[in-house]
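This is the structure, below, for whatever I ask next.
The values are calculated or read from the model by the stated rules, or taken from the named source; none is laboratory data. Keep in mind the model is a prediction, meaning the values are calculated, not measured. With ideal geometry, Cβ positions are generated from the backbone for all residues, glycine too; neighbour counts draw on all protein chains shown. Note: areas computed on protein heavy atoms with side chains; ligands, DNA, RNA excluded. Shrake-Rupley method; radii C 1.70, N 1.55, O 1.52, S 1.80 Å.
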Amino acid sequence: MHNPDDLALYYYDGCFYCSRVRQALDDLDVRVEMRNIVESPQHLQDLVAARGRRTVPVLRIRREGGDEWMPESADIVDYLRRRFG
């Protein structure tokens with residue numbers, strides 16, 4: 001199992017594209033911080049402040065010098081497979 005502390009997934013239940021990313025996380029046995037934007041107004045505010053929109057899924061990758069916010073489920077799945085596959 002992988003437990004990277006530099007990743008957080010912004011999502012909500014019932015989102016098809018979010019489900020694709022969550023399935024990839026399960027398949028790769030990766031556990032990241034899950035930030036449900038419906039259940040947490042703060043997570044939604046953080047997402048909108050960073051990206052100017054509320055669309056999900058978005059993977060936040062913490063990096064020195066500034067975080068990367070990766071949208072698009074296919075891009076996120078590709079990144080996860082390259083990093084953990």
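Could you tally the net charge around Arg62, taking each other residue with its Cβ under 9 Å from the Cβ of Arg62, Lys/Arg +1 and Asp/Glu -1?
Taking every Cβ under 9 Å from that of Arg62, the sum is -3.
Sticking with this structure for a sec: What is the ratio of the Cα radius of gyration of the chain to 2.2 N^0.38 Å, where N is its residue count, to two decimals?
Ratio of Cα Rg to 2.2 N^0.38 Å: 1.01.
Based solely on its DSSP helices, what 222 nm [θ] is calculated for the chain when runs of n ≥ 4 H residues each add -39,500 (n - 2.57) and the sum is averaged over all residues, nearest 500 deg cm²/dmol?
-13000 deg cm²/dmol
Then there's this: How large is the dipole of the chain about the Cα centre if only Lys and Arg carry +1 and Asp and Glu carry -1, each at its Cβ, rounded to the nearest 20 debye?
180 debye
On average, how much accessible surface per residue is there in the chain, in Å², for a 1.4 Å probe, leaving out ligands, DNA and RNA?
Here the residues of the chain average 60 Å² of exposed surface.
Calculate what fraction, in whole %, of the accessible area of the chain sits on carbon and sulfur atoms when a 1.4 Å probe is rolled over the protein chains.
Ligands and nucleic acids excluded, carbon and sulfur give 43 percent.
Under a Cβ-Cβ cut-off of 14 Å, what is the net charge of the residues other than Phe16 that fall near it, where Lys and Arg count +1 and Asp and Glu count -1?
Surrounding charge for Phe16 is 0.
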